[in-house]
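One structure is given below, encoded as structure tokens.
The values are calculated or read from the model by the stated rules, or taken from the named source; none is laboratory data. Please read all numbers here as calculations on a predicted model, not as lab measurements. Note that each Cβ is placed from the backbone with ideal geometry, even for glycine, and that neighbours are counted across all protein chains shown. To get the accessible areas, we keep the full protein, side chains included, count just its heavy atoms, and leave off ligands, DNA and RNA. Shrake-Rupley method; radii C 1.70, N 1.55, O 1.52, S 1.80 Å.
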Amino acid sequence: MKTELADHFQSLDIALSDFTLEMKEQNLWNDVTLVIVSDFARTLTANSGEGSDHAWAGNYFLTGGSVSGGQIHGRYPSDITESGPYNIGRGRLIPDLSWESMLNSVAMHMGIETNDELNYCMPNRVKAGAKLFTEAEVFDVSK
């Protein structure tokens, strides 16, 4: 990992820690859901400049007082070789979840409940064919 990236992760960790402490201090933590999204992934193989190129997939991190933490949703591919079923070449993997998969639960947690409302907010959520997580699968609904 490049040193610059490690520094950015450390800065992010400090900022998230400070934010969390402040929200808890103000007794707002259970009302907060913070979604951190990677808008693209990186190839598993290097390009000609020894870097990596944009690829499909990405990741999402959810944190907040009502988030049921310590969970990983989705599956790590069992085969990331060039001949693996999700590899479309040069280390670009096709994701098995859509962005709507996780954001569906966030929308529900924010009070968007009916299929019509959810479809209005995320017009392709059903078309993607991926699992749509519910509020109860991602959040502690008792809080």
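May I have the pair-distance distribution P(r) for the stretch 72-118, computed from all Cα-Cα distances with 10 Å bins from 0 and rounded to whole percent? Percent of pairs per bin, in order: 25, 33, 23, 18, 2.
One Cα centroid belongs to the stretch 7-69, the other to the stretch 73-143; the line between them spans 17 Å. Each helix, a run of at least 4 DSSP H residues, gives -39500 (n - 2.57); summed and divided by the residues of the chain, these come to -9500 deg cm²/dmol at 222 nm.
Evaluated at q = 0.11, 0.17, 0.20, 0.21 Å⁻¹, the base-10 log of the normalised Debye intensity for the chain, with identical point scatterers placed on the Cα atoms, takes the values -0.54, -1.11, -1.26, -1.30. Share of carbon and sulfur in the accessible area of the chain stands at 54%, probe radius 1.4 Å. Taking the longest Cα principal axis of the chain as reference, the axis of helix 3-25 is set at about 10 degrees.
When you filter the trypsin sites (Lys or Arg not before Pro) in the stretch 1-55 for DSSP loop state and at most 13 other Cβ atoms inside 10 Å of their Cβ, you are left with LYS2. For the stretch 93-143, the Kirkwood hydrodynamic radius comes to 11.2 Å, computed from all pairs of different C-alpha atoms. From largest to smallest, the equivalent ellipsoid semi-axes obtained for the stretch 1-53 from the alpha-carbon gyration tensor read 33, 14, 5 Å.
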